[in-house]
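Accompanying notes for the structure given below.
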Amino acid sequence: MDYPLISVVLPVYNVEAYVEECLESIINQTLGFEKIEVILVNDCSTDGTAAILDKYAERFKNIRVIHLNENCGAPGKPRNIGINEAKGEYIIFLDPDDYIPADAYEKLYKVMEKNNSDFVMGKMLSFNDENGKTHEHITFKNYFMHKHYNDVNIETVPFFLQVKTAVYLKLVKTSFLREHNILFPEGMRNGEDKIYDMALFTKAKKFSYIPEYIYYYRTRNDANNLSLTQQNIKKTLQNDVTAALKIKKFLNEKEYSYFQINAFRSLLWKICDPEFNKVPVAERLEILEMIRPVVQGFNPDITEKYFSIEKPLLSLIEKNLLLEALEYNSMIVSRRWWYSTGIELQKMFKRQQAIKNSLSWRITKIFRSKIKTNKLKYKIKEKLVSD
C-alpha cells in the first residue's frame, strides 16, 4: 500500500494484555482497513508485546513494526518516528492500551473531507476494566462542547485551549504537520502532548470538532500507571511546568488565560491529592514555588468557571503565601475525601432501602422474625443455664 488514507501511530511499551484489542479495533474500522496503515513503534518492551506486534505485521501488509534498540522511556521520540515514517494523507495517534469505536475514523474523515480542515477533533469516553464504570472528562461536559464546530480557529473559539489534551482525538493533515514542523518534545514522560496540541491549535487556519465519541480511554492501576507516591512527583510536575512555560511563549494573553485552565488541571490533579500530603513539607513548598510561574497572572473570572474551590489556592500560590497554600490545599483534600465518602454512604443507603422495599424482603419478613425469636430464646436459655 503506497498511499494509505490514514496513518495510525502507536508508541508501544509492555501492553501484552491490551494491544490485541486495540489492533482489532483498528482492523474493524468501517472506513475500511485497506485505507489505513498502522505504525507500531516498540520502545523495547520486556513482556510478550513484541511477539504480538510481529504476529500482526505478518498477517497484514499495512501493519508495520519498528523495534527500537534503546528504550526512550517517553512517548515523544516513538511518536516522532511515526510521523516521519507515515505515508498517509492524514495522521492520528492511538495508545495501545485503549481502543476505538468501529466508526471512529469514518466519522472524522467525513468531516475532514467536507471541510478540508487542518485537523478534525472528536471526544473520548473513559472506562475502568475492574468495575465497568465509564465517565466523560469534565471538559466535554461543558455546554460549549455539545455542538459541532466547522472550520473555526483559536481566535474565534479560544476556549478550546482549555479542553483536555488528547493527541489521539485529532485526525491531522500530514502535510500540515510537516509544513509547520510540528513534532513532540523528546525525553518528557508527561506534558509533551500539550506542546504538540497547542502547536496544532495555534498553527491551524481552520479546524473542526464533532461532539461524538471516537476514542475509549482505559483507566488502570498497574506497574505502568503508578500512584503519585510511586512516581517522582516533583519530576512529573516539573514537566508540566516546562510544557506550560514553553507554550506561554507563543500564546497571547487571552489564549494563555484559557490554556492555564488546561495546565491547572494537570497541576491540581497531582497537588490536590491525598498522596501529595505524604511528601515532606519542605519538598511540597519547593513544588509550589516551582509552579508559581505557571499560576501568575491567571484570569480570576475564567478560573472561577472551572476551579471555584481551588481558586483561593491558586491565589495564595501566586502571592507566594506558600505555607497558607499548603494549609488550604489540605482542606481541599479533606473536603474531597468527605464528599466521596458521603457519596458512597448515600449509594449504600439507597441499596439497603431498595432491598427493604423489595417484594422478596417483605415476603421473607416472617421468617426473619422467627429467626430473631429463636435466637433470643436460645440466649435466654443459655443465660439461665449459666446462672
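Inside segment 55-74, can you point out the residues that are surrounded by 15 or more Cβ atoms within 10 Å (Cβ to Cβ) and at pLDDT 95 or above?
If we filter segment 55-74 for residues that are surrounded by 15 or more Cβ atoms within 10 Å (Cβ to Cβ), which is where we start, we get 56-57, 60, 62-66, 68, 72, 74.
Within segment 55-74, Y56, A57, F60, N62, I63, R64, V65, I66, L68 meet the criteria.
The single condition among (1) in contact (Cβ under 8 Å) with a residue 40 or more places away in the chain; (2) in a helix (DSSP H, G or I); (3) within 24 Å of the chain's Cα centre (by Cα) that W269 does not satisfy is (1). Could you grab me the full set of residues in segment 214-236 that are crowded, with 19+ Cβ neighbours inside 10 Å and either over 15 Å from I287 (Cα atoms) or modelled with pLDDT of 95 or more (or both)? Result: I214, Y215, Y217. With the requirement that a residue be in a loop (DSSP other than H, G, I, E, B), of a type in the set (S, T, Y) and more than 22 Å from L171 (Cα to Cα), what does segment 1-51 give you? Result: Y13, Y18, S45, T46. I'd like the full set of residues that are surrounded by fewer than 18 Cβ atoms within 10 Å (Cβ to Cβ) and in contact with a helix residue (DSSP H, G or I) (Cβ under 9 Å, 6 or more places away or on another chain), limited to segment 26-53. If the condition is that a residue be surrounded by fewer than 18 Cβ atoms within 10 Å (Cβ to Cβ) and in contact with a helix residue (DSSP H, G or I) (Cβ under 9 Å, 6 or more places away or on another chain), then I27, T30, G32, F33, C44 are the ones that fit. Condition check: farther than 30 Å from N150 by Cβ and surrounded by 20 or more Cβ atoms within 10 Å (Cβ to Cβ). Does L10 satisfy that? So L10 fails the test. Does D97 satisfy the condition of being crowded, with 16+ Cβ neighbours inside 10 Å and touching a residue at least 40 places away in the same chain (Cβ under 8 Å)? Taking the combined requirement at face value, the residue satisfies it.
Conditions tested, residue by residue: (1) farther than 23 Å from G191 by Cα; (2) of a type outside the set (S, T, Y); (3) surrounded by 13 or more Cβ atoms within 10 Å (Cβ to Cβ).
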position: Q260; (1), (2), (3): no, yes, yes
position: A263; (1), (2), (3): no, yes, yes
position: E275; (1), (2), (3): no, yes, yes
position: R292; (1), (2), (3): no, yes, yes
position: D301; (1), (2), (3): yes, yes, no
position: A325; (1), (2), (3): yes, yes, yes
position: I332; (1), (2), (3): yes, yes, yes
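So which strands (runs of 3 or more DSSP E) stay within segment 70-169 end to end and still have 2 or more residues that are closer than 18 Å to F184 by Cβ? Full working, then the answer.
Working: elements: 90-93, 119-128, 149-152.
Counting at least 2 such residues, we get 90-93, 119-128.
Criterion applied to F307, F349 was being modelled with pLDDT of 80 or more and out of contact with any strand residue (DSSP E or B) (no Cβ under 6 Å at 6 or more places or on another chain), and the one residue passing it is F307. Among the residues examined, L177 does not qualify as surrounded by fewer than 19 Cβ atoms within 10 Å (Cβ to Cβ), closer than 24 Å to Y256 by Cα, in contact with a helix residue (DSSP H, G or I) (Cβ under 8 Å, 6 or more places away or on another chain) and at pLDDT 95 or above.
Can you report the number of residues in segment 187-204 which are under 14 Å from R79 (Cβ atoms) and either buried (at least 18 other Cβ atoms within 10 Å of the Cβ) or small (G, A, S) (or both)? Number satisfying all stated conditions: 12.
Taking the condition of being out of contact with any Asp or Glu (no Cβ under 7 Å at 6 or more places or on another chain), surrounded by 15 or more Cβ atoms within 10 Å (Cβ to Cβ) and not polar (S, T, N, Q), how many residues in segment 124-143 meet it? Break it down into steps so the answer makes sense when it comes.
From segment 124-143, those out of contact with any Asp or Glu (no Cβ under 7 Å at 6 or more places or on another chain) are 124, 126-143; that's our starting set.
Okay, now just the ones that are also surrounded by 15 or more Cβ atoms within 10 Å (Cβ to Cβ), so 124, 126-127, 137, 139-140.
Narrowing the set further to residues that are not polar (S, T, N, Q) leaves 124, 127, 137, 140.
Final tally of qualifying residues: 4.
Got at least one residue in segment 84-104 being within 20 Å of P211 (Cβ to Cβ) and in contact with a Gly (Cβ under 9 Å, 6 or more places away or on another chain)? Checked against the condition, which is being within 20 Å of P211 (Cβ to Cβ) and in contact with a Gly (Cβ under 9 Å, 6 or more places away or on another chain), segment 84-104 yields at least one hit.
The values are calculated or read from the model by the stated rules, or taken from the named source; none is laboratory data. All figures in this text were calculated on a predicted structure; none of them were measured in a lab. Reconstructed Cβ throughout: ideal geometry from the backbone, glycine too, with neighbour counts over all protein chains shown.
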